[in-house]
């Protein structure tokens, strides 16, 4: 997808972009609220870039989810800036939390924030990303479909928390006696 094709989304919400491009499945890594301590930013971003490979991607600037700008940037510079974001530095870091720099490729759209990836794509690509996260031992929420607002019905390996494992919230209770009830 070239920059001109993406420019038609300027002024629109990223949800409109996802819907029009058929990115109707969603996957998100768990953050420090669910896991203590938080997951390693560098490991999560390495997993994202394993998915991307050498695919040509574009960067968008969004403000509160509305696309303001689309631009090209070499893949190595994107990688560097996403890694620097984990240290609150680089071109993608902004103190205004409403400003973000998601990346988009032919098969996906992703926000890469400090220790978090919010990834949308078609079902096949979401399953591929989940498998990469599993391989890298990155914990994530169950993938779901935007269009159905339900958990994906396609089987794939998952790093679900067992009912009898310690709750990831850090309470010291078993998961079944704590956050599983929520």
Given the conditions (1) in contact (Cβ under 8 Å) with a residue 12 or more places away in the chain; (2) loosely packed, with under 14 Cβ neighbours inside 10 Å, which single one is not true for residue 19? (2)
Filtered residues of the range 37-54 (kept if touching a strand residue (DSSP E or B) at 6+ places or on another chain (Cβ under 9 Å) and either over 18 Å from residue 130 (Cβ atoms) or without any contact (Cβ under 8 Å) to a residue 24 or more places away in the chain (or both)): 38, 41
Can you name the residue in the range 41-95 that is out of contact with any helix residue (DSSP H, G or I) (no Cβ under 8 Å at 6 or more places or on another chain) and on the phi > 0 side of the Ramachandran plot and, of all such residues, is modelled with the lowest pLDDT? 88
For the range 113-125, does any single residue satisfy the condition of being surrounded by 14 or more Cβ atoms within 10 Å (Cβ to Cβ), within 13 Å of the chain's Cα centre (by Cα), free of Cβ contacts under 8 Å to residues at least 12 places away in the same chain and under 19 Å from residue 26 (Cβ atoms)? no
Which members of the range 90-112 meet the condition of being surrounded by 15 or more Cβ atoms within 10 Å (Cβ to Cβ) and touching a residue at least 40 places away in the same chain (Cβ under 8 Å)? 101, 102, 103, 104, 105, 107, 108, 109, 110, 112
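The values are calculated or read from the model by the stated rules, or taken from the named source; none is laboratory data. This is a predicted model, so every value here is computed, not measured. Ideal geometry is used to build each Cβ from the backbone, glycine not excepted, and the neighbour counts take in all protein chains shown.
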